[in-house]
1. Considering every residue within the stretch 166-185, establish whether at least one is over 21 Å from residue 150 (Cα atoms), in contact with a strand residue (DSSP E or B) (Cβ under 9 Å, 6 or more places away or on another chain), in contact (Cβ under 8 Å) with a residue 12 or more places away in the chain and surrounded by 14 or more Cβ atoms within 10 Å (Cβ to Cβ).
2. Could you list, in sequence order, all residues of the stretch 204-221 that are in contact (Cβ under 8 Å) with a residue 24 or more places away in the chain and more than 24 Å from residue 187 (Cα to Cα)?
3. Tell me which residues, restricted to the stretch 109-130, are part of a helix (DSSP H, G or I) and over 23 Å from residue 241 (Cα atoms).
4. Residue 190: assigned by TED's automatic domain parsing to the domain that holds residue 102, touching a strand residue (DSSP E or B) at 6+ places or on another chain (Cβ under 9 Å) and surrounded by 14 or more Cβ atoms within 10 Å (Cβ to Cβ), yes or no?
5. Hey, can you tell me all the residues within the stretch 150-176 that are within 21 Å of the chain's Cα centre (by Cα) and not in a strand (DSSP E or B)?
6. Condition first: closer than 16 Å to residue 181 by Cα, surrounded by fewer than 13 Cβ atoms within 10 Å (Cβ to Cβ), out of contact with any strand residue (DSSP E or B) (no Cβ under 9 Å at 6 or more places or on another chain) and modelled with pLDDT of 90 or more. Can you find one or more residues in the stretch 219-235 that meet it?
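The values are calculated or read from the model by the stated rules, or taken from the named source; none is laboratory data. Keep in mind it's a predicted model, so treat the numbers as computed, not measured. All Cβ positions, even for glycine, are placed from backbone atoms using ideal geometry, and neighbour counts span all protein chains on display.
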């Protein structure tokens, strides 16, 4: 989700204090978020001048290939993004990140390569987020263990299936367990990713089915995109297509003016 909020926060810089919005200016703003861009095109559909001065833009379209975000270890093979009308609060133009006057809605399509996904999984930033992860009980009141994840990697298969491998080390234990998961991945009602018919091997031994269901249910709950809505971000998955070594995903994004994710980008 941070990928999307980085891009959206970049869009909010498109209207400069004088109300000037042109394609070249917009492209420069987006490029400032990138370390590399093999191809990048930005189109701004301008509203009448008096609306520009009020902080309004009809829509923004972005198309890029072989992009690398500057602040995150994320590489994107293909990016296509198109917004609805953007309306900002003119009194916030002088701020680091202008404030939305109304929710921002956009459609986005991403294509990610397996190699780039694995670079992200093994980056220090991503590993730090996984350093302490509760895979035990479904609530904080239930007993659970704390684990460290080592060398996570994924292999993308055909027909929306994948193989995920990782070494799992329980806190205060020296030996790590080799975990291998092969599973299908589906989207329910556009809002929740779910593992389908997973097979889990722990050090080469099949994980007991009676325990696997609890773990899978807990993971599926964490993959529910409705968990983001309390922070002002709504995401609906429109398409999920996994082919060997490649992942394509299309989604609808709605971000509220008070979204926690934008507040983080303002800091």
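1. yes
2. 204
3. Those that are part of a helix (DSSP H, G or I) and over 23 Å from residue 241 (Cα atoms): 124, 125, 126, 127, 128, 129, 130.
4. no
5. If the condition is that a residue be within 21 Å of the chain's Cα centre (by Cα) and not in a strand (DSSP E or B), then 157, 160 are the ones that fit.
6. No, because not a single residue in the stretch 219-235 is closer than 16 Å to residue 181 by Cα, surrounded by fewer than 13 Cβ atoms within 10 Å (Cβ to Cβ), out of contact with any strand residue (DSSP E or B) (no Cβ under 9 Å at 6 or more places or on another chain) and modelled with pLDDT of 90 or more.
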